[in-house]
Amino acid sequence: RYVDTQKKKHHPENKLDSFLDSKQNNPNKHPGKNPQNQKISNINRGVDAAPIIEKLTAMKAPSQKQTALQHLAEQWRTRLLADASATGAFKNEFMTGEDVSAIEEFDTLIAAARDEYLKQRPPKYFRVLYKALLKRFTAAAEVDAEPESTP
């Protein structure tokens, strides 16, 4: 996995070899392997850091979006379980245009999660509700992310 990640970054061949050598030689277990890290530092002196920073930022962006969606799903799950009026707000905001069966299924899921919480049962429907919310938010984010085609 480490090798694949490093290859995606399009490092020069000598730099890639140095990275792989340093990964195999753990400096904590073998303190004499520090020269390998010095070799990587020497190679990096002549490398422009801007393209590497851009690629690392691009690699982090999807995980930051996913984390934000997970937080949104957690917040809505908490609101839906704590307040019955939040269900109507959620439906108005995120379930417009849905068929009746999907709305009824969602209501059933919320009721089961509330019942489970009140009876202090293991959180099965609590998790199912989270997964359903996350799936809905992820799908909505993907639709929003798609560029609109103009004729």
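The values are calculated or read from the model by the stated rules, or taken from the named source; none is laboratory data. On a predicted model such as this, the values are computed, not experimentally measured, just so you know. Using ideal geometry, Cβ is built from the backbone for each residue, glycine included, and neighbour counts are taken over all protein chains shown.
Observations, loosely collected:
- No other residue among Gln75, Gln38, Gln70 is part of a helix (DSSP H, G or I), loosely packed, with under 13 Cβ neighbours inside 10 Å, modelled with pLDDT of 75 or more and not acidic (Asp, Glu) apart from Gln75.
- Meets criteria (in contact (Cβ under 8 Å) with a residue 24 or more places away in the chain and either in contact with a Ser or Thr (Cβ under 7 Å, 6 or more places away or on another chain) or of a type in the set (A, V, I, L, M, F, W, C) (or both)) for Phe90: no
- Among the conditions (1) at pLDDT below 80; (2) within 18 Å of Leu134 (Cβ to Cβ); (3) in a helix (DSSP H, G or I), Gly32 misses just one, which is (2).
- Residue in region 1-23 that is surrounded by 10 or more Cβ atoms within 10 Å (Cβ to Cβ), modelled with pLDDT of 65 or more, within 22 Å of the chain's Cα centre (by Cα) and acidic (Asp, Glu) present: no
- Filtered residues of region 96-132 (kept if of a type in the set (A, V, I, L, M, F, W, C), within 27 Å of Gln66 (Cβ to Cβ) and free of Cβ contacts under 8 Å to residues at least 40 places away in the same chain): Ala102, Ile103, Phe106, Leu109, Ile110, Ala112, Ala113, Val128, Ala132
- Region 42-67 - residue that is within 30 Å of Thr138 (Cβ to Cβ) and polar (S, T, N, Q) and, of those, surrounded by the most Cβ atoms within 10 Å (Cβ to Cβ): Gln66
- Flag if Ala112 is surrounded by 10 or more Cβ atoms within 10 Å (Cβ to Cβ), part of a helix (DSSP H, G or I) and modelled with pLDDT of 90 or more: yes
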